[in-house]
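Beneath this line is the structure, given in structure tokens, with notes to follow.
The values are calculated or read from the model by the stated rules, or taken from the named source; none is laboratory data. Just so we're clear, the structure is a prediction, and the values are computed from it rather than from any experiment. When we count neighbours, we look across all protein chains shown, and the Cβ atoms used for this are built from the backbone with ideal geometry, even at glycine.
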Amino acid sequence: MTKQPVSFDPPGRLKKLPPYLFAEIDRKKRELVAKGKDVIDLGVGDPDIPTADFIIEALNAAAKNPRNHRYALDQGMPELRQTIRDWFQHRFGVHLDPDKEILPLIGSKEGIGHLPLAVLDPGQVCLIPDPGYPVYRSGTLFAEGIPYTMPLLEKNRYFPDFDIIPTDVLQNARLMFLNYPNNPTSQVADKAFFEKAVAFALKHGILIAHDAAYSEMCYEGLKSPSILEVHGAKDTAVELFSLSKTYSMTGWRIGFAVGNAQVLALLAKVKSNLDSGIFQAIQIAGMKALQEGQMTLEKNLKIYQERRDLLVQGFRDLGWKIEAPRATFYCWIPVPPGYTSSELALKFLEELNVVVTPGNGFGPNGEGYFRISLTVAESRIMEALDRIKKSHPHYCKF
Ligand SMILES: *Cc1c(COP(=O)(O)O)cnc(C)c1O
């Protein structure tokens, strides 16, 4: 008797994930690189600046200590939570209880992905910004929640309009993701916006999860506030921080959630069934980064700022209308008339060998834009500008 082959078709929850819009660009890029083309990648949001030596040395020393080789505590080392408390107090003037209001994460993406499992029942609505970080949607779908998109429009300065969310959606809404400084638009929120968001969430019984992955990545001394600075925010919000972008530590996987104690306990419950904490040597290196990383951070911000100025000026010289981002290492740029986001990204790749990210990959409201990441050296930015200039006025029909 012949055996029936086992079928591994994706289950419904995976089928619901949106198609990966960058697949075609990834494939073409690999093809060009294989052909020996000099491809300039302005697509990925991953710092090219290496992690500072003092952080690596802290890891090295901690990795040699056998005490750090065993399972870590699920809720993180007490010393790490105390360090986060001190950092948060110093940075935002907000006191956190290190035992109840701080939860270390294996990178903030881990917390974002797991949070819907911790707070949503199947069929409940999660409000997500569009364009936005794709994990808000996929985390919601894994928890069998219903994503409802809040458009971030240029005419609203890339803030959601809470007033247009229908009543029946609100009645079923349990969770809302926000993200400022914003990826991909680079918009920064002020405290007044967070006050409005907290009042709205309290009124409708919604938990806000504020993704603050770029909290420290602001230029010219601008300080992005924490949503927890708002009076009453702890009753209705958690906030997710990351060491990834701040200290060039994307590969290390360390971040933390702060805020509502009840919600953090639920998230900790999910996590305790899925992971067993962060490697202690990384926790120790992370403490070092939070305690002594300010100078390195400022040095790196200067580098990004110089790249930003070079890129913005270069595009302006070519006649493009482009705003200088006040935060993040992204430029969110309108696509010239006559192209869709994907068409422009493909043309840049094929004709100029320059990778940019098409805006529609962040949601339908990203259509009409593309994102450039400042995570390459100035010489590469100049080379990319040069290639665009040589094709000018082909792409510059403003
Ligand atoms: C990079 C990024 C994250 C994830 O950061 P990790 O801490 O490395 O997981 C989360 N949110 C946004 C908006 C990001 O751009």
Fill in: Complete set of residues in the stretch 324-346 that are away from the ligand (no atom under 14 Å from the Cβ) and among the small types (Gly, Ala, Ser)
Ala324, Gly338, Ser341, Ser342, Ala345
Item to complete: Filter the stretch 248-285 down to residues that are within 13 Å of the ligand (Cβ to nearest atom) and of a type in the set (Ser, Thr, Tyr) and give me whichever is farthest from the chain's Cα centre (by Cα).
Response: Ser248
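Here is a check on your reading of the model: is Leu170 touching a Leu at 6+ places or on another chain (Cβ under 7 Å) and either outside any loop (DSSP other than H, G, I, E, B) or in contact (Cβ under 8 Å) with a residue 12 or more places away in the chain (or both)?
In short, no.
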Worksheet entry | Candidates Ser186, Ser226 - the one that is within 14 Å of the ligand (Cβ to nearest atom), at pLDDT 95 or above and in contact with a strand residue (DSSP E or B) (Cβ under 8 Å, 6 or more places away or on another chain) | Ser186
Fill in: Checking Pro47 against (1) part of a loop (DSSP other than H, G, I, E, B); (2) in contact with a His (Cβ under 9 Å, 6 or more places away or on another chain), the condition it does not meet
(2)
Worksheet item: Between a first residue in the stretch 203-224 that is assigned to a strand (DSSP E or B) and a second residue that is within 12 Å of the ligand (Cβ to nearest atom) and of a type in the set (Gly, Ala, Ser), which pairs have beta carbons less than 7 Å apart while being 6 or more apart in sequence or on different chains?
Response: Asp211/Ser108; Cys218/Ala327
Worksheet item: How many residues does the stretch 42-72 contain that are among the acidic types (Asp, Glu), within 16 Å of the ligand (Cβ to nearest atom) and at pLDDT 95 or above?
Response: 1
Practice prompt. Evaluate the stretch 120-140: report whether one residue or more is within 16 Å of the ligand (Cβ to nearest atom), under 18 Å from Thr236 (Cβ atoms) and assigned to a loop (DSSP other than H, G, I, E, B).
Written response: no
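Can you list the helices (runs of 4 or more DSSP H) lying wholly within the stretch 291-398 that have 2 or more residues being surrounded by fewer than 20 Cβ atoms within 10 Å (Cβ to Cβ) and without any contact (Cβ under 8 Å) to a residue 40 or more places away in the chain?
Fully inside the stretch 291-398 and qualifying: 294-317, 378-391.
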Worksheet, complete the sentence: Residues in the stretch 233-247 that are in a strand (DSSP E or B) and either in contact (Cβ under 8 Å) with a residue 40 or more places away in the chain or away from the ligand (no atom under 14 Å from the Cβ) (or both) total 5
